[in-house]
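Let me begin by presenting the structure, written as structure tokens, before commenting on it.
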Amino acid sequence: MTVVFDLVGVQNRDHGERGIARYVLNTALEVERLAPGLVDHWLLRGDMPVPGTLEPLLSTGRARLLTADRSWLDVGEGGVFVAGSLFELDEPV
């Protein structure tokens, strides 16, 4: 079973160090601390800044940039996608 954890909420230019971003970051760090390797892919956007606070997760070698066609993102049958934040404040509605 593939597990993908969306870290895009941590990449917000205006709120990347507080609120939802802090919640997403701390949740991801604790998951990795308690169950190293459980998450197969830490998902990031290539067009947004990657804060230094993500270094512990980047150093796992499992960070992946979200592609426009999402071709690599196949969690397969029974896979899990963790949406850290359902809304991105930098995106127009």
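The values are calculated or read from the model by the stated rules, or taken from the named source; none is laboratory data. Just so you know, these numbers come straight off a predicted model, no measurement behind them. As a convention, Cβ positions derive from the backbone with ideal geometry for all residues, glycine included, and neighbour counts pool all protein chains shown.
Among residues belonging to region 14-35 that are of a type outside the set (Asp, Glu) and not in a helix (DSSP H, G or I), point out the one that is surrounded by the most Cβ atoms within 10 Å (Cβ to Cβ). The residue in question is Gly16. Selection of region 1-21 for residues being of a type outside the set (Val, Ile, Thr) and within 16 Å of Val50 (Cβ to Cβ) yields Phe5, Asp6, Leu7, Gly9, Gln11, Asn12, Arg13, Asp14, His15, Gly16, Glu17, Ala21. Scan region 63-74 and give yes if some residue there is touching a helix residue (DSSP H, G or I) at 6+ places or on another chain (Cβ under 7 Å) and modelled with pLDDT of 90 or more, otherwise no. Yes, region 63-74 contains at least one residue that is touching a helix residue (DSSP H, G or I) at 6+ places or on another chain (Cβ under 7 Å) and modelled with pLDDT of 90 or more. Checked against the criteria, Gly52 counts as among the small types (Gly, Ala, Ser), over 13 Å from Ser85 (Cβ atoms) and without any contact (Cβ under 8 Å) to a residue 12 or more places away in the chain. Filtering region 1-20 to residues that are of a type in the set (S, T, N, Q) and out of contact with any Leu (no Cβ under 7 Å at 6 or more places or on another chain) leaves only Thr2. Can you name the residue in region 34-52 that is of a type outside the set (A, V, I, L, M, F, W, C) and under 12 Å from Gly9 (Cβ atoms) and is also nearest to the chain's Cα centre (by Cα) among such residues? That would be Arg45.
Across region 42-54, a minimum of one residue is classified as modelled with pLDDT of 80 or more, part of a helix (DSSP H, G or I) and surrounded by 10 or more Cβ atoms within 10 Å (Cβ to Cβ).
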